[in-house]
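This report refers to the structure that appears directly beneath it.
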Amino acid sequence: MRFTAYERALVVAGRIARDRRLPRRGELSTRGTRWIASRIDAYTDRHEGLPPRRHRELLELEGFLGGLGIADSKAPGNAGGSWVHAMLIRITGQPPERGELPTSDRHIARLYELLGREYVRCADWPTAAECFSGAALYWRHVPRHMRRTYAQVVVFTMRAGDHAAALDGLELIQGATHGPSAAFHRIAARILDPAPGLGADAADGIDRVRKLGIIPYTYLVSCLAERLAADEQPERALGLLTTARARLTADRADDWLVGELEQTAAVIWTALERYEEALGLALGAWAKLDAQRYRACSHTQRLSLWKNFGPTRRAALVSAVALGDERTVAELIESCRLQSLLGAAVEIDDDEKLAESGFEVSTGPADAGTDDPDGEDSGRAVAPDPAPEGGPAAAGGRDLVVSSAVFTAYNDALNSTLLHFPEPVSYQGTALLLPHYRSALPPEEAQDLAARPLDDALPEGVFWSTHIEDGLLFWFVARDGRPAGYGAQDLREFDRIKPVLLGLAGHSQSSERKTWSLFPYRRGPGDFYEPFTQLRSWRSAEEQIITRTIGQLLPPPLVDALHRAGLDQPLRLTISAARELTCVPWAIMMVPGTEERLIEKAVLRMWTSTPTQLKRASRDSRLPPGSPVPFLLACDNPDGSLRERTADSVVNEASVLLTASGPDGPGTKDVLLAALHKIGPATHGVFFYRGHAEHDSDPAWSALPLAGETYVQSGELFGAFDDGTPFLPMPTRVILSCCSSSTASALGGEGMGLAAGAIHSGADQVIATSLDIRDASFTEVFEDLLVRGMLDGQRAGDHADLLRQLQLRMLTEWKVFSVRGEDLDGEEIRDPHPIIWASFQAY
């Protein structure tokens with residue numbers, strides 16, 4: 001088949017656009033490249049049967065150019081998928097022989113660099129270094145590009161803390177006569193040298209490194225400043241950072257690069273106890289580095305970004321506490337919650353295009369038989385067999401070892417989600433982060449950004465918020481919306497705190513301990529706590545260790561308020577728990593200075609985040625006293641994975657009962673959606689769900705399993721149609737009885753899981769669980785008590801009051817059974833084990 005004139009024009013235009021020199025800052029695409037990419041995409045979709053060679057080149061060009069536009073639209077995950085698509089097409093079109101280095105190819109090298117740049121933005125240093133290593137491999141006949149990419153490999157392995165790998169990379173540019181490369185080598189070698197006493201010439205020539213690129217320059221400056229500060233030369237470090245920040249500003253560098261240097265400076269000022277300077281820089285770095293989380297990317301990438309600006313959060317909070325600024329402490333702790341809503345899952349359709357290209361990919365490790373020195377870190381692509389001229393390509397050719405970074409990028413693309421840019425929080429008129437967040441947005445978007453008042457979201461009674469950063473617990477207490485105390489505690493001072501929290505986290509699928517920011521810890525003799533076993537007996541030694549250890553975290557103002565409260569006049573307490581504390585069964589924690597439990601002193605509610613609370617407050621869901629509360633819907637064990645409920649259970653009285661195969665039909669997703677839309681959002685009534693919640697590291701993908709292998713994902717609870725109707729409308733009262741069904745938080749403790757999603761979809765009163773709930777006969781009894789209480793129109797006031805009354809009853813029965821020596825152990829729990837009843841929480 002001959003080229004048509006239009007096809008030839010598309011190919012030529014695509015090649016010219018691909019060869020364009022890309023800018024080192026700002027947008028990567030132009031109006032022209034976006035237009036060409038869209039024309040190629042439309043043409044390949046319309047025309048089938050194109051010759052394989054021509055088809056592959058068009059797809060490759062569309063992948064390269066389309067990725068530039070996607071990256072500019074704040075979707076690095078999708079951009080990575082597009083570039084991987086282009087890279088695999090090109091690599092498999094000219095696979096090297098086994099054991100041979102690939103042919104130098106500037107187009108593949110540029111694709112690796114583009115991927116690397118996105119992973120630098122996401123602060124994933126190992127993957128970024130791997131990308132630039134791949135680029136160096138394909139630049140190997142262009143020395144100046146090789147030196148530049150090797151410099152980036154070195155600086156990002158340094159940022160990852162792998163000094164041995166950085167030294168290995170440094171050897172590859174040793175002896176370079178190129179001035180910027182020689183300066184980079186000398187400075188990097190001095191940073192990596194553990195010998196103390198950096199000389200006055202340590203930073204000489206660092207300005208020349210800018211010729212290698214603004215990215216290696218920025219991170220080399222950051223590493224050198226950290227080394228100078230560690231060498232007790234903070235003034236030199238701060239001078240270096242000030243000069244570099246001025247240069248980046250003059251060069252109109254990307255915000256996240258400026259934020260890197262501001263973060264380093266803020267940490268140094270904090271160490272010098274110059275808190276005003278530290279706070280100003282930390283606020284700027286906070287907004288610049290945090291803004292990258294609100295691009296379409298995977299949870300893994302967001303986790304890297306969150307960890308990256310941890311030093312900024314610590315510096316800002318330490319400074320605010322030291323300056324005695326209670327309003328700023330409140331604002332910053334709440335800002336550690338995700339002040340955003342889930343936008344949508346981002347669909348990737350590159351699988352079909354990859355298949356059309358004539359090869360398949362595997363994201364697993366390379367086959368055992370492959371002679372691959374990095375087998376555990378690589379994936380493989382199956383290159384197509386050569387096709388006769390004009391004929392179709394054959395599938396299933398040679399195994400081609402590809403960098404693990406390629407498959408990391410592809411996986412991140414497939415798992416991308418989108419978060420809307422957050423509306424900063426304010427407290428008592430103070431919104432220190434607002435102007436910095438505005439500076440991270442285009443002008444047309446910045447002018448519409450306004451702060452959400454925490455004051456309007458705070459409930460009556462006492463509000464206690466916490467955040468943990470690098471082993472420091474920062475806290476704030478308000479009473480009826482007004483400040484009542486703030487402070488910071490070093491958790492290293494509390495014996496057993498970490499092993500106790502780890503023990504509780506072992507009973508929570510959503511705990512995701514890798515996101516925790518506690519201090520390093522090595523387990524000692526006896527430092528093992530198993531709540532299921534050790535909480536079974538009231539006032540046993542182990543139970544007291546667990547409950548008193550957590551009780552020690554209650555701050556003095558809160559403890560004073562609890563001492564003045566009593567069983568008949570309880571304190572109304574809302575807990576905004578740090579990420580590390582969301583698995584705590586707060587009801588049974590001991591109040592310091594007393595022999596009483598928290599539930600005996602307070603009515604407990606859990607916090608999600610300001611947007612969620614304001615969303616609920618915007619609806620009038622009050623039920624007139626004495627009005628009947630209909631039992632609208634129950635979705636009980638829809639996938640059939642739990643025991644059958646007894647016939648006399650109140651759950652069977654629901655107007656619509658969805659089970660694995662019940663009278664109202666199997667509880668599939670379609671059937672559940674139809675039932676919920678028939679009810680409508682915020683309709684007075686009760687919805688009950690029981691099942692095995694499935695948790696993902698990304699809370700947006702946490703799911704409630706249904707019949708027919710279908711699921712409701714928490715991300716769907718945040719979605720709405722154009723008319724504002726929620727995708728999954730919820731009635732006013734919701735009970736979620738399943739494993740850690742609150743999925744209360746991720747990263748900073750943000751409310752983005754099932755409980756918060758139910759509130760966004762219409763619920764006013766949600767009861768969910770903080771720990772994994774066991775499938776036991778006692779669980780059914782307690783669920784029935786909850787449902788009956790929520791249905792009682794005469795007594796059904798606040799669900800937190802209802803839950804407290806039930807938990808006080810369970811507390812008494814727990815004491816009685818323990819005193820009698822009843823055995824609460826075993827998988828079949830028939831009696832009030834607190835691992836079940838204390839795990840239910842009101843939201």
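The values are calculated or read from the model by the stated rules, or taken from the named source; none is laboratory data. Every value quoted in this text rests on a predicted model; they were computed, and no experiment measured them. Here Cβ is always computed from backbone atoms with ideal geometry, including for glycine, and neighbour counts include all displayed protein chains.
Odds and ends about this structure:
- Answer from 305, 289, 261, 279 - the residue that is under 13 Å from the mean Cα position of the chain (by Cα), surrounded by 22 or more Cβ atoms within 10 Å (Cβ to Cβ) and at pLDDT 90 or above: 305
Conditions tested, residue by residue: (1) at pLDDT 90 or above; (2) surrounded by fewer than 20 Cβ atoms within 10 Å (Cβ to Cβ); (3) closer than 30 Å to residue 567 by Cα.
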{"residue": "618", "(1), (2), (3)": "no, yes, no"}
{"residue": "627", "(1), (2), (3)": "no, yes, yes"}
{"residue": "633", "(1), (2), (3)": "yes, no, no"}
{"residue": "643", "(1), (2), (3)": "no, yes, no"}
{"residue": "649", "(1), (2), (3)": "yes, yes, no"}
{"residue": "674", "(1), (2), (3)": "yes, yes, no"}
{"residue": "678", "(1), (2), (3)": "yes, yes, no"}
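- Taken over region 456-466, the residue count meeting the criterion of being in a helix (DSSP H, G or I) and surrounded by fewer than 16 Cβ atoms within 10 Å (Cβ to Cβ) is 1.
- Taken over region 425-440, the criterion of being part of a loop (DSSP other than H, G, I, E, B) and either surrounded by fewer than 17 Cβ atoms within 10 Å (Cβ to Cβ) or at pLDDT 90 or above (or both) is satisfied by 428, 429, 431, 432, 433.
- Counting residues in region 355-369 that are modelled with pLDDT under 60 and in contact with a His (Cβ under 8 Å, 6 or more places away or on another chain) gives one or more.
- Looking across region 384-413, the residues that are out of contact with any helix residue (DSSP H, G or I) (no Cβ under 7 Å at 6 or more places or on another chain), of a type in the set (A, V, I, L, M, F, W, C) and modelled with pLDDT under 85 come down to 394, 395, 401.
- Residue among 432, 535, 504 that is under 24 Å from the mean Cα position of the chain (by Cα), farther than 27 Å from residue 616 by Cα and touching a residue at least 40 places away in the same chain (Cβ under 8 Å): 504
- In region 21-51, residue farthest from residue 11 (Cα to Cα) [restricted to those that are among the small types (Gly, Ala, Ser) and in a loop (DSSP other than H, G, I, E, B)]: 26
- In region 202-221, the residues that are part of a loop (DSSP other than H, G, I, E, B) and surrounded by 19 or more Cβ atoms within 10 Å (Cβ to Cβ): 202, 203
- In the condition set (1) within 26 Å of residue 254 (Cα to Cα); (2) surrounded by fewer than 22 Cβ atoms within 10 Å (Cβ to Cβ), residue 78 is compliant with all but (2).
- Boolean, residue 61 is touching a residue at least 12 places away in the same chain (Cβ under 8 Å), surrounded by 16 or more Cβ atoms within 10 Å (Cβ to Cβ), part of a loop (DSSP other than H, G, I, E, B) and not small (Gly, Ala, Ser): no
- Verdict on residue 775 being assigned by TED's automatic domain parsing to the domain that holds residue 627, out of contact with any Lys or Arg (no Cβ under 9 Å at 6 or more places or on another chain) and at pLDDT 80 or above: no
- Each residue in region 121-163 was checked for being within 24 Å of residue 227 (Cα to Cα), small (Gly, Ala, Ser) and touching a residue at least 12 places away in the same chain (Cβ under 8 Å), and 5 of them qualify.
- The helices (runs of 4 or more DSSP H) falling completely within region 467-569 include none with 3 or more residues that are in contact with a Phe, Trp or Tyr (Cβ under 6 Å, 6 or more places away or on another chain) and more than 30 Å from residue 309 (Cβ to Cβ).
- Residue check for residue 224: modelled with pLDDT of 95 or more, part of a helix (DSSP H, G or I) and either of a type in the set (Phe, Trp, Tyr) or surrounded by 15 or more Cβ atoms within 10 Å (Cβ to Cβ) (or both): yes
- Taking region 1-31 as the range and being free of Cβ contacts under 8 Å to residues at least 40 places away in the same chain, surrounded by 12 or more Cβ atoms within 10 Å (Cβ to Cβ), more than 35 Å from the chain's Cα centre (by Cα) and closer than 30 Å to residue 251 by Cβ as the test, the residues that pass are 16, 20.
- Residue list for region 179-201, filter: among the small types (Gly, Ala, Ser) and either buried (at least 16 other Cβ atoms within 10 Å of the Cβ) or in contact (Cβ under 8 Å) with a residue 12 or more places away in the chain (or both): 179, 181, 182, 183, 188, 189, 197
Residue-by-condition table, conditions (1) in a loop (DSSP other than H, G, I, E, B); (2) under 22 Å from residue 712 (Cα atoms); (3) in contact with a Pro (Cβ under 6 Å, 6 or more places away or on another chain); (4) assigned by TED's automatic domain parsing to the domain that holds residue 757:
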residue: 629; (1), (2), (3), (4): yes, no, no, yes
residue: 640; (1), (2), (3), (4): yes, yes, no, yes
residue: 651; (1), (2), (3), (4): no, yes, no, yes
residue: 670; (1), (2), (3), (4): no, yes, no, yes
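- If you filter region 125-178 down to residues that are β-branched (Val, Ile, Thr) and surrounded by fewer than 17 Cβ atoms within 10 Å (Cβ to Cβ), you find that the one that is modelled with the lowest pLDDT is 177.
- If you go through region 179-201 and pick out every residue that is out of contact with any Leu (no Cβ under 9 Å at 6 or more places or on another chain), part of a loop (DSSP other than H, G, I, E, B) and not acidic (Asp, Glu), you end up with 6.
- Selection status of residue 296, over 18 Å from residue 435 (Cα atoms), surrounded by 24 or more Cβ atoms within 10 Å (Cβ to Cβ) and either out of contact with any helix residue (DSSP H, G or I) (no Cβ under 9 Å at 6 or more places or on another chain) or outside the structural domain of residue 489 (by TED's automatic domain parsing) (or both): no
- For beta carbons closer than 8 Å, sequence separation of 6+ or different chains, a first residue in region 539-566 that is assigned by TED's automatic domain parsing to the domain that holds residue 589 and aliphatic (A, V, I, L, M) and a second that is modelled with pLDDT of 95 or more and exposed (fewer than 15 other Cβ atoms within 10 Å of the Cβ), the qualifying pairs are 559/593; 562/594.
- When 598, 571, 562, 558 are checked against the criterion of being surrounded by fewer than 21 Cβ atoms within 10 Å (Cβ to Cβ) and touching a Leu at 6+ places or on another chain (Cβ under 8 Å), a single residue qualifies: 571.
- Which numbered condition residue 573 fails, given (1) in the same structural domain as residue 693 (by TED's automatic domain parsing); (2) out of contact with any helix residue (DSSP H, G or I) (no Cβ under 6 Å at 6 or more places or on another chain); (3) outside any helix (DSSP H, G or I): (1)
- Single residue of 331, 273 found to be in a loop (DSSP other than H, G, I, E, B) and modelled with pLDDT of 95 or more: 273
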